[in-house]
Amino acid sequence: MTDSMKLAFPTLAGLEDVLAREISALGATDVESGRRVVTATGDMATVMRANLELRTALRVLINMDEFSVRNEQELYDRLRANNWRQYLMPEGTLIVDVVDPGRWFRNTHYIAQLTKDAIVDQFRDKYGTRPGVDKNNPDLRIHLRISGRGQVHLSVDTSGDGLHRRGYRRRTGEAPINEVLAAGLLQMAGYTGDQVFVDPMCGSGTFLVEAATLATRRPPGLLREFGFQRWPNFDLAAYSEVRQHALDQIRPAPYPILGADIDGVAVAVARATVERAKIDGAVELRESPFGQLSPPMGQHIAEAEKILVTNPPYEMRMETGDIEGLYQEIGDTLKTNWPGYTAWIISANPDAIKSVGLRSSRKIPVMNGPVEARFVKYQLYRGSKD
């Protein structure tokens, strides 16, 4: 691999500018935001740091090749001519993801099969053995997209599992927010880790963990491994240096991070999540309805900036109860008990959010999985009555 490589960082819709700032902070160059992707130029150290440290990227891709073809035979020949040995052992495993086969070619499944055949045929001819296919845990993930009239974009995935899989959450519970989305929303809300943070309806604790890792400067990828670690040319010494540098940046959280939920089971799940993330010393958890929750207190806290972010239930997550009444109660509680805070609510129920009854200062459209939602800001001034 060359020292300088074209890189692509897929992300969620709406997080492109947040991710671009993160990538620039790593020292990458030529950073450009696109639709659900940010592109940049960097070396292998950039790739290692990006996987370990980025909070709003879904994957880190290396652009392996770009070319034009007129038919499927030309595609096969060009794919077979690439140097796959730098990424894969002859006895390794792979999977091919075709993002778009292009309207000039056959379907996605066929193009994925053709790509796989080109790669394994190269290995069989050179080494007398061939890689296998593993859909769940491959040594190498390959991304292929064909745009226009045969414009091919070939990338290798350096991440392995998606980067939202931080390693701290069990896939259980109702409507947990995606880790990448949670991290992006916190940054949209202006949370840097140098403010008091509260999530009064914390559910499984995703906002709390993302806030705590940001506050403690703990890289989100510390609990997992990455695809590039399986490559034949993986430089363990270089990665160890990158990882140690990231570890050296960790600090205690400077301000309280408080989570609460009315549901004791949810609090127990959140506590287990926080413990798995290894940031339990940074987070306080309480079992409490929002209306009875007391804000963190103290002189040090009184002078600090304060941010409240939460993902309250909306109809699809409420089997019983008055959803609009709940949101009205949220608004009343914010106005009465949380002056001086900047509050942000993510909700997919536009009627319910109106019931908050407070004047919003910003509404950001976001996608929570397949659900359209709004991330709404309320500035809670001291003595404010509306």
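The values are calculated or read from the model by the stated rules, or taken from the named source; none is laboratory data. These numbers were taken from a predicted model, which means no experiment stands behind them. Positions of Cβ are backbone-derived with ideal geometry, glycine not excepted, and every protein chain shown enters the neighbour counts.
If you go through region 30-37 one residue at a time, do you hit one that is assigned to a helix (DSSP H, G or I) and within 26 Å of Met367 (Cβ to Cβ)? Break it down into steps so the answer makes sense when it comes.
Here is the first cut: in region 30-37, the residues assigned to a helix (DSSP H, G or I) are none.
Checking region 30-37: not a single residue is assigned to a helix (DSSP H, G or I) and within 26 Å of Met367 (Cβ to Cβ).
Does Glu303 satisfy being among the acidic types (Asp, Glu), modelled with pLDDT under 95 and closer than 25 Å to Val267 by Cα?
When the stated conditions are applied, Glu303 does not pass them.
Mind checking which residues of region 249-275 are under 19 Å from Val196 (Cα atoms), among the charged types (D, E, K, R) and assigned to a loop (DSSP other than H, G, I, E, B)?
If the condition is that a residue be under 19 Å from Val196 (Cα atoms), among the charged types (D, E, K, R) and assigned to a loop (DSSP other than H, G, I, E, B), then Arg251 is the only one that fits.
Has region 77-89 got any residue that is of a type in the set (Ser, Thr, Tyr) and touching a Pro at 6+ places or on another chain (Cβ under 6 Å)? Full working, then the answer.
Initially, region 77-89 is screened for residues of a type in the set (Ser, Thr, Tyr), giving 87.
Within this subset, residues satisfying the condition of being touching a Pro at 6+ places or on another chain (Cβ under 6 Å) are none.
No, region 77-89 contains no residue that is of a type in the set (Ser, Thr, Tyr) and touching a Pro at 6+ places or on another chain (Cβ under 6 Å).
Of the conditions (1) free of Cβ contacts under 8 Å to residues at least 24 places away in the same chain; (2) on the phi > 0 side of the Ramachandran plot, Lys278 clears all except one; give me its number.
Of (1) free of Cβ contacts under 8 Å to residues at least 24 places away in the same chain; (2) on the phi > 0 side of the Ramachandran plot, only one is false for Lys278: (1).
Could you please give the count of residues in region 81-100 that are within 19 Å of Val152 (Cα to Cα) and buried (at least 17 other Cβ atoms within 10 Å of the Cβ)?
Taking region 81-100 as the starting set, the residues that turn out to be within 19 Å of Val152 (Cα to Cα) are 81-84, 95-100.
Within this subset, residues satisfying the condition of being buried (at least 17 other Cβ atoms within 10 Å of the Cβ) are 82, 84, 95-96, 98.
Going through region 81-100 one residue at a time, the tally reaches 5.
Among Leu7, Leu19, Leu52, Leu58, which is part of a loop (DSSP other than H, G, I, E, B) and surrounded by 19 or more Cβ atoms within 10 Å (Cβ to Cβ)? Spell out how you get there, then give the answer.
Details: Leu7 fails: part of a loop (DSSP other than H, G, I, E, B); Leu19 fails: part of a loop (DSSP other than H, G, I, E, B); Leu52 fails: part of a loop (DSSP other than H, G, I, E, B).
Just a single option satisfies the conditions, and that option is Leu58.
Check off (1) crowded, with 17+ Cβ neighbours inside 10 Å; (2) farther than 19 Å from Phe226 by Cα for Ser155 and give me the number that stays unchecked.
Only one criterion is unmet by Ser155, namely (2).
Closer than 29 Å to Glu303 by Cβ and either basic (Lys, Arg) or modelled with pLDDT of 95 or more (or both): which single residue out of Leu185, Leu222 fits that description?
Values: Leu222 fails: closer than 29 Å to Glu303 by Cβ.
Unique residue meeting the criteria: Leu185.
Which residue pairs have Cβ atoms under 9 Å apart, sit 6 or more places apart or on different chains, and have a first residue in region 9-35 that is farther than 15 Å from Ala50 by Cα and a second that is of a type in the set (Asp, Glu)?
Pairs found: Ser33/Glu16; Ser33/Asp17; Gly34/Glu16; Arg35/Glu16.
Could you say whether any residue in region 83-98 is modelled with pLDDT under 95, polar (S, T, N, Q) and either outside the structural domain of Arg145 (by TED's automatic domain parsing) or closer than 14 Å to Arg145 by Cβ (or both)?
No, there is no match, as no residue in region 83-98 is modelled with pLDDT under 95, polar (S, T, N, Q) and either outside the structural domain of Arg145 (by TED's automatic domain parsing) or closer than 14 Å to Arg145 by Cβ (or both).
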